[in-house]
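Scroll down for the structure; my scribbles are underneath it.
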Amino acid sequence: MNIGNRKHIPTINEYESRLADLYEEYYDKIARYVYVHIGNKEEAEDIAGEVFLKALKSLKSYREQGIPMQGWLFRIAHNLTVDYLRKMDKRRTVPIDSVVLVGNDNPVDTAEKNIEFERVTEAMKQLTTEQTEVINLRFLGGLTSKEVGGILGKSDGAVREMQRAAIEKLRGIMGVEK
Amino acid sequence: MMTEDFDRILDECIDRINRGDNVADCLSAYPAYSERLRPLLQSMHDIQKTYTFAPSADTKRAARQKFHATLGKRGRMTPVLSLFRAILRPAVWGTIAVLVLVLAIVGALVIEPVFTPTTLVPSPDGNFAFLISDEPNDIGDFESLNVTISRVGLQAAGSLKRLEFRPETATLDLTRLQGERSQEIWRGNVTPGQYSQAYIYVSDVTGKLKSTGQIVDVKLPSSKLHLSLLFEVTTDAVTSFTFDITVVATGNNGKYILKPQVGDSGARQEQRRLG
């Protein structure tokens, strides 16, 4: 028996420490991930904070069975988002009619941003649920295809294929030249 | 086959863009695919631009403080509660009895030297240096933050063997050790091999606030702060291990917590001085 090769099983304290380290890098990404689904920045930020508290409370149930901690955080974010949408009785994607971007820019810029937001959101709504998750986790969560595969229960090859098909579909809807 | 290749290249470009490269860098790396890649990466750019926003600094700070406050509470409560619960379980008594018996038989011969850490003495020409640094979080709130370290320990990888030493410089002001700055607190000879943990025993923390000049309460998750990081000590190089500590506000109650920061800690090796 080679004791040197035995996999180190982290303690709860080590998991806590790792979670605290992930906070700075992943809080923003999780907020953006949630924002795509619910279309409300303030609520998305609150849910991002809730994700870390929930993770802290559930650390005992977390075991690294092929899914790294950042992937697990997005899984929690997904579940909290679903709960939120159920509560709000909303549909899966951004309710574009209710979203109005408000910024410090001049009214023309803000109007252009709103049009662009609607264009992209409308295109995103044409994707399947899994394609939306892949795009969201890859582009806004910054996860690798392997990590996304761990969350969705797919191989990284399947994720890469889904990703390409999803972007081609988006390109077809949005067009390239603006 | 071609599609699989393209999927892989597209995936790599997305990874590169996520790491901060731009679209042009990726296109120039794959000129044969650039015509097909360009519109897809442009779509990625549009989506990221549309949905990317910077969360409000105030909301993020409040959420961080709530998270660290919960973390701090767990640090105080969990060991006590879990020990109490464990004592109540009859099955635990059986296990303890067996364990005590085994330890009684084997302990005197084998276990005792392994559980007792070996205490090391300092040496200016040693193969190991231990440094302390501070990752800036809420350190800006402090005029001074003196941390007294009574002991430092290293845990050998894959065994129960521990080495400990008393720092030559015991009290440090963390406000002077921010970012890239660090202070060596011990240098000496450490048994070559792989180590999986470094830990420090903090005996006292005294923080003075910039804003009020008051001495403030700085909590510790435990008197022993540890980092799990695999590193190697060799005979032909000096291994410098930097243990990074950070102070974080725990809420709006004026309390702070001191904790190890794994991201900025670690070991590096330098050629050993000759002679």
May I ask you to derive the FRET efficiency for A:Ala111 and B:Phe53 from their Cβ-Cβ distance with R0 = 25 Å, giving the value to the nearest 0.05?
0.90
Determine the dipole magnitude for the stretch B:118-271: charges of +1 sit on the beta-carbon of Lys and Arg, -1 on that of Asp and Glu, nothing else is charged, the reference point is the Cα centre, and the result goes in debye to the nearest 20.
460
Its Cα gyration tensor gives the stretch B:1-77 an equivalent ellipsoid whose semi-axes in whole Å, largest first, are 40, 16, 9
For a quick protection proxy, order the peptides A:164-171, B:208-215 by their average other-Cβ count within 10 Å, most packed first.
A:164-171, B:208-215
Please give the average number of partner chain Cβ atoms lying within 10 Å of the Cβ of each residue in A:116-128, rounded to a whole number.
2
Surface/4 of the Cα convex hull for the stretch B:154-223, nm²:
6.5
Compute the projected area of the convex hull of the Cα atoms of the stretch A:8-90, averaged over all viewing directions, and report it in nm² to one decimal place.
5.5
Inter-chain shielding metric for B:7-15, i.e. average beta-carbon neighbours from other chains within 10 angstrom, reads 6
Averaged over peptide B:215-226, how many Cβ atoms belonging to another chain are found within 10 Å of each residue's Cβ?
1
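All of the numbers you see were taken from the coordinates with simple rules; none came from a lab. These numbers were taken from a predicted model, which means no experiment stands behind them. A quick note on method: Cβ atoms are made from the backbone with ideal geometry, for glycine too, and the neighbour counts reach across all protein chains shown.
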